[in-house]
C-alpha cells in the first residue's frame, strides 16, 4: 500500500486524474493513510477537474451526505447526472431514483432512473424495476415484466430477487405456476442468504 500511495502521489503531481481519484479512495477507506473526509473530497474534486469522470459519482455522494461540510442535494444531483452521462454509472442512477422519490415523490422519474441502472446490468436496479412493475409505482402494473426482471436480477446474483422469483413461480404471478422452479429458486435464495451472512461475520 505504501508503494501504491507513492505512485499515486507521483501520478497526481503529473496531472493524472485517475491517480488523484485513487488517492481519494485511499483516504476514504483508510488504506495506508488515516481516513480523512476533507482530503478525500479534495482529491475527488481534483480528479474531476482533471477530467476523470468516474469521480463525479463519489463527489456527488459527498455533497449528498454533507461530507464537504454542508449538504447540497442540487449539486449532488448535477454530479450524479454527469456520472451517468460521462461515466455510465449505474450507482448514480440508483441515487437519482432515490432522490426523485425522497425529494419530489416522483415515481415516474424514479422508474426511469431505475430502468437506466437495470439497463447497465445493475442487479438491484433490475429488482427495483421488477417491484415497480409489480406494485404499479411509476409505471403500470405488469406481472409479466415484473417476473422477467426478477428473473434477470436473480440470474445476476441478487438474492432477494431469487425469493421474489420463487414466489412468482409458486403463485403464477407473471408466469405459469411451476412448483419445481419455485423450489429451485427458494433453495438458491436460502443458500445466498447463508453465504451473505457468512461474509458479514468474517
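The numbers here are math on the coordinates, done by the rules we state, and not lab data. All of these numbers come straight from a predicted model, not from anything done at the bench. Positions of Cβ are generated from backbone atoms using ideal geometry, with glycine treated the same way; all protein chains shown enter the neighbour counts.
Couple of notes before you dig in:
- Residue in the range 17-40 that is surrounded by the fewest Cβ atoms within 10 Å (Cβ to Cβ), counting only those that are free of Cβ contacts under 8 Å to residues at least 12 places away in the same chain and in a loop (DSSP other than H, G, I, E, B): 34
- Criterion: under 19 Å from residue 160 (Cα atoms), surrounded by 14 or more Cβ atoms within 10 Å (Cβ to Cβ), touching a residue at least 24 places away in the same chain (Cβ under 8 Å) and in contact with a helix residue (DSSP H, G or I) (Cβ under 8 Å, 6 or more places away or on another chain) - qualifying residue of 128, 82: 128
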